[in-house]
There are 2 protein chains.
Amino acid sequence: MKPVNAVIWGLGSMGVGLARMISGKNGIQVCGAIDKQPEKAGKDLSSVTGAPGYEHIPVARSLAECPLEDADIVLVATASHVKDVFPQVMEALSNGLDVITTAEEMAYPWPSEPELSKKMDEMAREQGHRVLGTGINPGFVMDLLAVMLTAPCAEVERVRVTRTNDLSPFGLTVLKEQGVGMTAEEFRRKAAEGTLEGHVGFLQSIHMISDALGLNVDRIEQSREPVISSVYREEKGVTVRPGMVAGCRQTGRGYRKDECVIELIHPQQIHPWMENIETGDFIEICSTPDVAVSIKPEIPGGLGTVGLVVNSIPLLFKARPGLLTMLDLHVPTAFMGDFRSKAGFLSGCGHGND
Amino acid sequence: MKPVNAVIWGLGSMGVGLARMISGKNGIQVCGAIDKQPEKAGKDLSSVTGAPGYEHIPVARSLAECPLEDADIVLVATASHVKDVFPQVMEALSNGLDVITTAEEMAYPWPSEPELSKKMDEMAREQGHRVLGTGINPGFVMDLLAVMLTAPCAEVERVRVTRTNDLSPFGLTVLKEQGVGMTAEEFRRKAAEGTLEGHVGFLQSIHMISDALGLNVDRIEQSREPVISSVYREEKGVTVRPGMVAGCRQTGRGYRKDECVIELIHPQQIHPWMENIETGDFIEICSTPDVAVSIKPEIPGGLGTVGLVVNSIPLLFKARPGLLTMLDLHVPTAFMGDFRSKAGFLSGCGHGND
């Protein structure tokens, strides 16, 4: 029986990571790739990704240029916002394919984009296919893992998640989005104007936690503060002198009336070790019983997002059709065996049976 | 619409905890209780459990004595082994009810009891109902949580989980099963004879992890060693003098050929603080990337098991019929809202729709 066939749309660092991880897995393969950038389109996928075995796959400019006869799923790693990936998701669905995307807002798309979400959900149900957004954050550390850690609890009063991580492995675009290398004044001006991207995902994570636990959050507040360096730091050609911005400390709070029931704290910076800052993921559930979890160092963002996307593929095929979230799947795990068996392709169950 | 109605079978500390937790939840209630012990049967459930609102429910001696017209699910907290809860599970299924049990072996019953498992699975499918075993361990800390923490990982080489916990809150039966108060000689003799119960669940946890991750474990080894106290300890009338046994350090290893790919280490003792032993749950995933998690103190066993059973109820109603494990459900979470909405009872989906 043929392996699960995936098309990768977007060959930035996430798309390249997806191609590399899939090349090491059993029962799944990449059957096509799309990137509109002229330095990638037309080349073969192995030369673009450095992963062997893709020499026969030319990078296409669009889904229409891609051979789709064997394709099962499209992995969309092109943008962060629902509105930007919406046309790609709809095109993939209309071709009878499932979709997983790394777009942060797609991890819980309904609250911020109800109309586009409704259209994707309707199209997915009509076609009998599934759409999922996932990644390390949003999608796992600051939401899904936190809600699963409440499973032993009777009453939950408050959830607090802190993710202190190293931005150094990320590309230049991400560093700029987080304000690395700005003066404090420039950072604060852009934050006030709303032109500093920062971390995309707190609205999604807070809504996911609130809905999963029934916490009835009715108001969300966010803030972005500069992480001011007291030492010289440098990364990807961006220089940070003492007094300048090494990263962004983003905070999100979900309130039920006047009570803060969800608090997310996410300081991201380049080279945190230079000021002896310990990185990690920290989850505190204030409940009966209390649960306090530390993951040190933090689960790395890039590798973690790639892992979550690939590992969610077999679970997605067993879920109901529609626009889904990680709450609609079985517990996600890595899988060393044949992806077709985990997806139910080999047992005669086929797609869509649980 | 009527709430979810649960029957509790077995009013030991787990059954009492279930009654208390459910009394604080919305959209779910206890509609019956069973215990054959003469000091409980015939009394009202409030006087047996200390939970208010159950004064109208007499404790029955058997399921046949229980009014079942409104019942949806039976929570079986009577024993640890599949063979002991099997008749209770079958009787509940034949009455058209779902079942969740705290019986440790039921958390992953197929490997140790394939024939009884097949019978329960067939009966559940015929009846269109579901059977699940869950609890803090097995069912969560040393298996389900560990496998979920691999979701960001590409390759997993090894999983190690250590649970160092305090036995003091448990009852006298549990203390005796773990060898508390024995001489080291007596402990070792009973362990060699196979008459020291120790922790039940390592076979189940190792098989669950191996199957979930595709690690192909082909051999499992277990050992039980005494935790020798160097100070005087005392609990529930059991005295432990220096040199005597304060608990049991159980180890389980799953091998693929000669390689240990899963290691579970579980030292349990009364009053670990008396020798400055830090309790906690520690999960190490040796993988790409590595993941190292600490939960301090450990998630408490009694409260945690009660939480997992009650919180799994709404997920169970949305799962397919059959003999299930936690791997067959959506991600479990605490829930502060109306259990009927989470179970799909209010949306018109009803049972069995995902």
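Computed from point charges on the beta carbon alone (+1 for Lys and Arg, -1 for Asp and Glu), the dipole magnitude for the protein assembly as shown about its Cα centre is near 140 Debye. For the residues of B:292-299, the average number of beta carbons from a partner chain within 10 Å of their own beta carbon is 6. In nanometres and ascending order, the distances from the A:Thr251 label point to those of the other copies are 4.7 (point 7 Å from Cα along Cα→Cβ).
A loss of 10 Å² or more of accessible area (1.4 Å probe, protein heavy atoms, ligands and nucleic acids excluded) relative to the isolated chain is seen in these residues of region A:102-151: A:Phe140, A:Leu144, A:Leu145, A:Val147, A:Met148, A:Leu149, A:Thr150, A:Ala151. With 24 Å as the cut-off, how large is the P(r) tail for region A:1-148, expressed as percent of Cα-Cα pairs? So the portion of pairs separated by more than 24 Å is 31 percent. Interface area, chains B and A: about 4000 Å² of buried accessible surface, summed, with a 1.4 Å probe and ligands, DNA and RNA left out.
Kirkwood analysis of region B:193-339, using all unique Cα-Cα pairs, places the hydrodynamic radius at 18.2 Å. Using all pairs of distinct alpha-carbon atoms, the Kirkwood hydrodynamic radius of region A:51-137 works out to 13.6 angstrom. Remark: mean inter-chain Cβ contacts per residue of B:20-26 equal 2, using a 10 Å Cβ-Cβ cutoff to other protein chain atoms.
Shown for A:Leu346: label points 7 Å from Cα along the beta-carbon vector, and their distances to the equivalent points in the other copies, 4.3 nm in ascending order.
Principal-axis analysis of the Cα atoms of chain A puts helix A:13-23 at an angle of about 50° to the longest axis. With a simple spin-label model that places each label point 7 Å from the Cα along the Cα-to-Cβ direction, the separation between A:Glu69 and B:Lys190 comes to 6.9 nm. Over all projection directions, the Cα-based convex hull of region A:35-98 averages an area of 4.8 nm². In the protein assembly as shown, Rg over Rh equals 0.98, where Rg is the alpha-carbon radius of gyration and Rh the Kirkwood radius from pairwise Cα distances. A 1.4 Å probe run over region A:216-354, with the rest of the protein chains in place, finds 38 Å² accessible per residue.
Helix A:301-317 and the longest principal axis of the C-alpha atoms of chain A enclose an angle of approximately 40°.
Alpha-carbon geometry of chain A: the Rg and the Dmax are 20.5, 62 Å, given in that order. The spacing between region B:68-108 and region A:214-272, judged by their C-alpha centroids, is 48 Å. Its DSSP H runs of at least 4 residues, each contributing -39,500 (n - 2.57), put the calculated 222 nm mean residue ellipticity of chain B at -8000 deg cm²/dmol, to the nearest 500. Rounded to the nearest 10 degrees, the inclination of helix B:202-213 to the longest alpha-carbon principal axis of chain B is 80 degrees.
The calculated FRET efficiency for the pair B:Arg158 and B:Ile277, based on their C-beta separation and a Förster distance of 22 Å, comes to about 0.35.
Once the 1.4 Å probe is applied to the protein heavy atoms, region B:46-132 comes out at 42 Å² accessible per residue.
The ratio of the alpha-carbon radius of gyration of region B:115-238 to the globular-protein estimate 2.2 N^0.38 Å is 1.33.
Measuring nothing but protein heavy atoms, the accessible surface of the protein assembly as shown at 1.4 Å probe radius is 49 percent carbon and sulfur. Applying a threshold of 25 Å to the alpha-carbon distances of A:Lys296/B:Lys318; B:Lys119/B:Lys318; A:Lys118/B:Lys342; B:Lys83/B:Lys296; B:Lys2/B:Lys342 flags A:Lys296/B:Lys318; B:Lys83/B:Lys296 as lying beyond it.
Here's the list of lysines a cross-link from B:Lys176 could span, going by alpha-carbon distance under 19 Å and ignoring same-chain residues fewer than 8 apart: B:Lys190, B:Lys236. A Förster distance of 30 Å, applied to the separation of the beta-carbon atoms of B:Cys260 and B:Thr183, puts the FRET efficiency at 0.45. Using a 7 Å projection from Cα along Cα-to-Cβ, the label point at B:Gly128 is separated from the same position in the remaining copies by 2.3 nm, smallest value first.
Dipole magnitude for chain A: about 380 debye, using +1 per Lys or Arg Cβ and -1 per Asp or Glu Cβ, origin at the Cα centre. Considering only B:Asn5, B:Pro138, B:Val74, and ranking their Cα positions along the charge dipole of chain B that arises from unit charges at the beta-carbon of Lys, Arg, Asp and Glu, the one farthest toward the positive end is B:Asn5. Tell me the net charge near A:Gly304. Cut-off is 12 Å between Cβ atoms, A:Gly304 excluded, with +1 for each Lys or Arg and -1 for each Asp or Glu. Spelling it out: positives minus negatives among the neighbours equals -2. With a simple spin-label model that places each label point 7 Å from the Cα along the Cα-to-Cβ direction, the separation between A:Glu115 and A:Glu234 comes to 5.0 nm.
Calculated FRET efficiency, A:Lys36 to A:Arg241, Cβ-Cβ distance, R0 = 41 Å: about 0.65 to the nearest 0.05. For region B:226-354, a crude dipole built from +1 on the beta carbon of Lys and Arg and -1 on the beta carbon of Asp and Glu, taken about the Cα centre, is about 380 debye to the nearest 20.
The values are calculated or read from the model by the stated rules, or taken from the named source; none is laboratory data. If you're wondering where the values come from, they're calculated on a predicted model, not measured in any experiment. Using ideal geometry, Cβ is built from the backbone for each residue, glycine included, and neighbour counts are taken over all protein chains shown. We work out accessible area using only protein heavy atoms, side chains counted, and drop any ligands, DNA or RNA first. Shrake-Rupley method; radii C 1.70, N 1.55, O 1.52, S 1.80 Å.
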